[in-house]
Ligand SMILES: Nc1ncnc2c1ncn2[C@@H]1O[C@H](COP(=O)(O)OP(=O)(O)OP(=O)(O)O)[C@@H](O)[C@H]1O
Ligand SMILES: [Mg+2]
């Protein structure tokens, strides 16, 4: 409960900047939090994920960075920028205009927005949202006014700058204006091996006929705890493509809510996770079909090694009386070790008859015939396993609409698998 | 280059090869024919080192550094690095791994084994372009997942592309002709003929004479119930085409 109690001192400190935030809503969030407490494993959506780490480490709320940034921060920032993208940089949840580069004719950024954005998320997770509300000090509103010629990278950097473990609470809302197209990468990265807790709230309004392709790339420090809420409200005839990549963090928890508020929306919700050591990744998705003639396709793939654990829970809601809904869900897990754990749970809440809905979940080991095929081409067994593992996840990456991002993330996957496996040089029979 | 002596091998406890003998020298083309289920693909997999098969008797001698060596205990990738290549009867689909990445990883593994510097992406692309011409594959094949969604014929072509890139000493082509249309058979055969030299050897596994019209074999073997039961010159294939296997198999 440390994390809630630090609020009072935080409040005293931060009220020196009264203009930056809505203190009454923070006070309210604190009261609600004290009342409900944090989720426990008795709550259905938290059955497989423990918040014990919050009582083990004293995470201090992040505050504004000094004007003069240490070189280590600057070099981390530049190493994480994707060439060929516009970039908005956030450091510990605070916008860094000086490090950002983008075209002001297409992207509008407003700091300290007080625009209310409300999503009906998972009730059991409300206190996690309140926690973000407590500590976010720099809510941002981003508007995509015109088609983006290049992807927009929103670089969420965490750096402790020699200090204590931090809780980072970014909050942003992105609007893609009617008929406009945007490819956005949320890069969630941090200082090598640092211990911190990121708890972000990212909401997206995709207006009529707009097209959003969003990559949520979680490649945090291996000692980090990463939580995020991604809420996407899609209007009629829009297209939403969401890619979730989980490459690093000690513990990850995603809550994704997609509201299909109009007809003829095409949506794809895709995930690729490479989990190793004792990493734990929990993805909760909620796809809500409120109007007819919409498609939602979900494919979540996880490659698990060592003692990693993966949780996937996909809820699809189809409202009463709506027609021509097409919804598919698939969760595939490839196991590289006998000690991994997979929890997969589809929840279909269907109140309409005119529906095509499918779901499936698979779990398996690598095929010996595939390994042999690669070996017969001179590729060593361990390299073959690495390539096949990359291939398994890369199928998701290859669905990206941008060649630049396809290349970037294919490489990132391969590097990740290569370095991980090289250090272990382990061969699975 | 290859000498197989009294080879016995089993899979899942079932004996498939039952004392097989075969000798292949550099510069030669051999064809192996035989009824379905006689053990032709099994022989090719045993030579390449498939882990499901265990060798229970005999030897597979293959020249490494000009010395015959029994390769029965070598890993498949070690054999491949020494120049053994198997074009699969049923090439495996590897979605997500691009053909380009696959070919480059494979080629560089061999260079590394030979103690040479690996090629960079650009260097390899140049080398690959020339090989692509040999069997006229469209460039976009390189960016697709290995064999993933390829038609039957495209998969076979892809196997020969790999052969062209890796330049093996001993190539075993397991029914590469089946599934190819008439034009593709010609293109692929011409490709194989271009790769063929006095330093390498080719073993063709086939059911049909037509392939042998394009790639002229020096020897024809009939494999039946896990053994080579007859060996002859090119005329044997014509004879088989006319009379079927019944004649020999009493
Ligand atoms: N895993 C296995 N378990 C048991 N029997 C097997 C196994 N794999 C292959 N066989 C058997 O081994 C025999 C030889 O098979 P193989 O594939 O080598 O035949 P082939 O000569 O290549 O036939 P085809 O002309 O149809 O390709 C067959 O009877 C087959 O059923
Ligand atoms: Mg066969």
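Quick look at the values:
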{"item": "Per residue Cα convex hull volume in Å³ - calculated over segment B:107-250", "result": "141 Å³"}
{"item": "Per residue convex hull volume, Cα atoms of segment A:283-429, in Å³", "result": "124 Å³"}
{"item": "Modelled FRET efficiency - R0 45 Å, residue A:290 with residue A:339, Cβ distances, 0.05 increments", "result": "0.60"}
{"item": "For chain A, built as a Gaussian network whose Cα springs stay under 10 Å, the top-fluctuating residue of A:220, A:43, A:153", "result": "A:43"}
{"item": "In Å, descending, principal axis extents of the Cα set of segment B:1-89", "result": "34, 25, 24"}
{"item": "Inverse mean reciprocal Cα-Cα distance (Kirkwood Rh) of segment B:40-159, Å", "result": "16.1 Å"}
{"item": "Segment A:2-365: relative contact order in percent, alpha carbon pairs under 8 Å with at least 6 residues between", "result": "10 percent"}
{"item": "Projected-area mean, segment A:131-258, by convex hull of Cα positions, square nanometres", "result": "7.5 nm²"}
{"item": "C-alpha long axis of helix B:152-166 to longest principal axis of chain B, angle in °", "result": "80 degrees"}
{"item": "Stokes-Einstein diffusion coefficient of segment A:2-365, Kirkwood radius over Cα pairs, 10 °C, 1.306 mPa s, in µm²/s", "result": "76 µm²/s"}
{"item": "Space enclosed by the convex hull of the alpha-carbon atoms of segment B:186-250, per residue, Å³", "result": "92 Å³"}
{"item": "Simple label model, 7 Å out from Cα along Cβ direction - residue B:111 to residue A:349, nm", "result": "5.7 nm"}
{"item": "For segment B:74-140, alpha-carbon Rg relative to the globular expectation (2.2 N^0.38 Å, N residues)", "result": "1.20"}
{"item": "Compactness of chain B, expressed as Rg and Dmax over alpha-carbon positions, Å", "result": "17.9, 58"}
{"item": "Antiparallel bridges, percent of DSSP beta bridges restricted to segment B:2-249 (to nearest 5)", "result": "60 percent"}
{"item": "Radius of gyration and Dmax over the Cα atoms of the protein assembly as shown, both given in Å", "result": "29.9, 100"}
{"item": "Burial ordering of A:75, A:187, fewest other beta-carbon atoms within 10 Å first", "result": "A:75, A:187"}
{"item": "Peptide B:46-53 - average C-beta neighbours from other chains (10 Å radius)", "result": "3"}
{"item": "Fluctuation leader among B:39, B:58, B:96 - chain B, Gaussian network, Cα springs under 10 angstrom", "result": "B:96"}
{"item": "Whether segment A:88-154 is rounded, prolate or oblate, judged on the alpha carbon gyration tensor where a/c under 1.5 counts as rounded", "result": "prolate"}
{"item": "Likely footprinting exposure, A:382, B:189, fewest C-beta neighbours within 10 Å first", "result": "A:382, B:189"}
{"item": "Choice from A:397, A:109, A:189 showing the highest fluctuation, given a GNM over chain A with Cα pairs closer than 10 Å", "result": "A:109"}
{"item": "Neighbour-count order for A:204, A:317, fewest beta carbons within 10 angstrom listed first", "result": "A:317, A:204"}
{"item": "Share, in percent, of DSSP beta bridges within segment A:2-365 that are antiparallel, nearest 5", "result": "5 percent"}
{"item": "Degrees, to the nearest 10: B:99-113 long Cα axis against longest axis of chain B", "result": "80 degrees"}
{"item": "Rg/Rh for segment A:1-113, where both radii come from Cα atoms and Rh is the Kirkwood radius", "result": "1.04"}
{"item": "Compactness of segment B:47-98, expressed as Rg and Dmax over alpha-carbon positions, Å", "result": "13.1, 40"}
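Values in this text are rule-based calculations from the coordinates and carry no lab data. It should be emphasised that the depicted structure is a prediction, and the values quoted were computed from it without experimental measurement. Note: ideal-geometry Cβ built from the backbone for every residue, glycine included; neighbour counts use all protein chains shown.
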